[in-house]
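Below is one structure, written out as structure tokens, with a few remarks after it.
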Number of protein chains: 2
Amino acid sequence: MNTWDYSSDLEPFEKYLSAVLSTEAPPPHKDLFKFWEGMEYSLFGGGKRFRPLLCILTAKALGKDPTVAYPLAAAIEMIHTYSLIHDDLPCLDNDDERRGRPTHHKVYGEDMALLAGDALQSLAFFVLANDYKDHPHLSTLIKSVALAAGPQGMVGGQVLDMLANQEAPIEELLKKIHELKTGALISICVRGTAEVCLASDSEKKLCKEFGDKLGLAFQISDDLQDHQEGEESKNFACLVGPEKTKDWLRLLSKESHGLLDQMTGDTSGLKSLVEFNLQRV
Amino acid sequence: MNTWDYSSDLEPFEKYLSAVLSTEAPPPHKDLFKFWEGMEYSLFGGGKRFRPLLCILTAKALGKDPTVAYPLAAAIEMIHTYSLIHDDLPCLDNDDERRGRPTHHKVYGEDMALLAGDALQSLAFFVLANDYKDHPHLSTLIKSVALAAGPQGMVGGQVLDMLANQEAPIEELLKKIHELKTGALISICVRGTAEVCLASDSEKKLCKEFGDKLGLAFQISDDLQDHQEGEESKNFACLVGPEKTKDWLRLLSKESHGLLDQMTGDTSGLKSLVEFNLQRV
């Protein structure tokens, strides 16, 4: 499978996500309607919903109702979205377009883009605390998401990446950048879902290993695509060569399947995600 | 009392706050040391620690050991600090100095300032979830802090304030701006401490009323100072005149004392805070 069609899994989640902003956290004053519209502009900006899907499909692989993972999926998508809004700002990547549309600050201004990003991060933690209020592992969940999002995770990875651009990064540093910048948030989709699904210790261990492998696999297939498109980025594909990188990707996919075979629920969704990633390069 | 001397209350808190960044959430890679240094530059930037103090003194007024409020105080100070770093950026207030020192982006660059703010917000929720992991009201606490920080609180107030600058704000809107922009975070210091102290319902009610009054009182005394210094801002003091504003402040202080008299712990700290605010104008 080389297309992205998970609409039956995603449609009910989209409705949930939309309701969070309009009913669970509505604007406290009419003059804020436009600011909410801005958050929606970016949150419903045509992304693949890779992270929410990973939450939903992990719940299914654990034999659970996927709706239990919706609040986690929403929170992680809000964090991912805020990071994109901030990344696009002139003081970082200075991008005018994302997914074929003007970036947030091009439509709403830099000041509002900065604040919309800040607001989405707060809302992410609001949704977790509000929707999992009676969950026995709430503290672990929030702690893990905060770690994955913050300076010991995604933000730390962005900083490392920016510093590394000033000189050629060595392999160890490159691994660290990937692990933090994109790996941490992908990993928490799987680990966090195991937590909200009250998975057993052995299931949690499987999920952690699978999440780490998938995060790494997605990163190196991104690198490979960049390399094939002739981008001059310093990445794994440039460092070890595209053939060796493809071999590595195949190995990771095989190992991922092996891990999924040990799960007791419906693993077909996660397996197709692994295949999608392998076949896109 | 018209000086700010709460060093005996604040010194042990400063040690705690410093330890959070160095031991509870240390940098995951040596290349991130400088980024941590930047967060510390702003977090230990010579502020009055008004919000942490409010947490500490509220715990004492409730007859509890103030150390129980430290993680809440740290989280709120991190949120306050991130908002200042972002406020100072060129796309918002474009300030070069704060408290007599260069602002974050003047020292570390705009990109790092943006990311340091983002990181401090994540860390705030990390500290709450990590340090109150066994607290029975963790979900209420995190939800309330996220609400106070996000688009339904501080960030929403900043947005409203920026929109209002474009035309003269009416009184109702001005009240809303204060309530959200500064009031929400001040109020959660008092309400949140009541929550972590496992206060009774009647104590929580007292704390909520006191926090709302103190937040408003601080805002209007700020307004009064701005007005006296000839600033052309649209605020309460300009709207209703300085004399009426002073009367209002006196009334709020009196009512605050009345609320504090109903608490059973050591209320001397909170009372002196109310007096400090009254006498500075």
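One table, with the values for the structure above:
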read-out: Any chance B:Ser139 is in a helix (DSSP H, G or I) and facing chain A (nearest Cβ under 7 Å); value: yes
read-out: Unmet requirement for A:Ala119, which otherwise passes all of (1) under 17 Å from the mean Cα position of the chain (by Cα); (2) facing chain B (nearest Cβ under 7 Å); (3) of a type in the set (Gly, Ala, Ser); value: (1)
read-out: Looking only at segment A:80-107, and only at residues there that are without any contact (Cβ under 8 Å) to a residue 60 or more places away in the chain, more than 10 Å from every other protein chain (Cβ to nearest Cβ) and in contact with a Leu (Cβ under 9 Å, 6 or more places away or on another chain), the one that is farthest from B:Met112 (Cα to Cα); value: A:Arg98
read-out: Qualifying position, being closer than 20 Å to B:Leu173 by Cβ and either among the aliphatic types (A, V, I, L, M) or surrounded by fewer than 18 Cβ atoms within 10 Å (Cβ to Cβ) (or both), among B:Leu214, B:Leu252, B:Leu239; value: B:Leu239
read-out: Condition check for B:Gly157: within 21 Å of B:Asp118 (Cβ to Cβ), surrounded by 22 or more Cβ atoms within 10 Å (Cβ to Cβ) and without any contact (Cβ under 8 Å) to a residue 12 or more places away in the chain; value: no
read-out: Only listed residue being surrounded by fewer than 24 Cβ atoms within 10 Å (Cβ to Cβ) and within 7 Å of another protein chain (Cβ to nearest Cβ), chosen from A:Leu147, A:Leu174; value: A:Leu147
read-out: Selected residue [farther than 30 Å from A:Lys175 by Cβ, under 15 Å from the mean Cα position of the chain (by Cα) and among the acidic types (Asp, Glu)] from B:Asp87, B:Asp65, B:Asp96, B:Asp9; value: B:Asp87
read-out: Residues being touching an Asp or Glu at 6+ places or on another chain (Cβ under 9 Å), at pLDDT 95 or above and among the small types (Gly, Ala, Ser) - total across segment B:1-41; value: 1
read-out: Filtered residues of segment A:1-52 (kept if in contact with a helix residue (DSSP H, G or I) (Cβ under 8 Å, 6 or more places away or on another chain) and among the aliphatic types (A, V, I, L, M)); value: A:Met1, A:Leu10, A:Leu17, A:Val20, A:Leu21, A:Ala25, A:Leu32, A:Met39, A:Leu43
read-out: Residue ID - modelled with the lowest pLDDT, chosen from residues in segment A:206-259 that are of a type in the set (Gly, Ala, Ser) and in contact with a Lys or Arg (Cβ under 7 Å, 6 or more places away or on another chain); value: A:Ser221
read-out: A:Glu77, sole failed condition from (1) charged (D, E, K, R); (2) surrounded by fewer than 21 Cβ atoms within 10 Å (Cβ to Cβ); (3) away from chain B (no Cβ under 12 Å); value: (2)
read-out: Selection from segment B:255-281 of residues that are exposed (fewer than 14 other Cβ atoms within 10 Å of the Cβ) and among the β-branched types (Val, Ile, Thr); value: B:Thr264
read-out: Single condition B:Glu110 does not satisfy, out of (1) under 22 Å from B:Gly45 (Cβ atoms); (2) within 8 Å of another protein chain (Cβ to nearest Cβ); (3) within 17 Å of the chain's Cα centre (by Cα); (4) not small (Gly, Ala, Ser); value: (3)
read-out: Test: B:Lys204 is more than 8 Å from chain A (Cβ to nearest Cβ), among the basic types (Lys, Arg), over 29 Å from B:Ser22 (Cα atoms) and assigned to a helix (DSSP H, G or I); value: yes
read-out: Residue in segment B:3-51 that is farthest from B:Leu216 (Cα to Cα), counting only those that are of a type in the set (D, E, K, R) and away from chain A (no Cβ under 13 Å); value: B:Lys15
read-out: Where B:Ser42 falls short, out of the listed (1) out of contact with any strand residue (DSSP E or B) (no Cβ under 9 Å at 6 or more places or on another chain); (2) part of a helix (DSSP H, G or I); value: (1)
read-out: Scan of segment A:92-112 for residues that are under 19 Å from B:Gly109 (Cα atoms) and out of contact with any Cys (no Cβ under 8 Å at 6 or more places or on another chain), ordered by number; value: A:Leu92, A:Asp93, A:Asn94, A:Asp95
read-out: One residue from A:Val159, A:Val190, A:Val196 being under 12 Å from the mean Cα position of the chain (by Cα) and at pLDDT 95 or above; value: A:Val190
read-out: Residue in segment B:63-71 that is outside any helix (DSSP H, G or I), of a type in the set (D, E, K, R) and on the phi > 0 side of the Ramachandran plot present; value: no
read-out: Condition broken by B:His105, with the remaining ones in (1) at pLDDT 95 or above; (2) under 18 Å from the mean Cα position of the chain (by Cα); (3) surrounded by 24 or more Cβ atoms within 10 Å (Cβ to Cβ) satisfied; value: (2)
read-out: Criterion (of a type in the set (A, V, I, L, M), more than 30 Å from B:Lys205 (Cβ to Cβ) and in a loop (DSSP other than H, G, I, E, B)) met by exactly one of B:Leu92, B:Leu84; value: B:Leu92
read-out: Only listed residue being more than 7 Å from chain B (Cβ to nearest Cβ), part of a helix (DSSP H, G or I), over 17 Å from B:Ala124 (Cβ atoms) and among the charged types (D, E, K, R), chosen from A:Asp134, A:Asp161; value: A:Asp161
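The values are calculated or read from the model by the stated rules, or taken from the named source; none is laboratory data. In this text the structure is predicted, and so the values were computed from the model without any measurement. Virtual Cβ from ideal backbone geometry, glycine too; neighbours counted across all protein chains shown.
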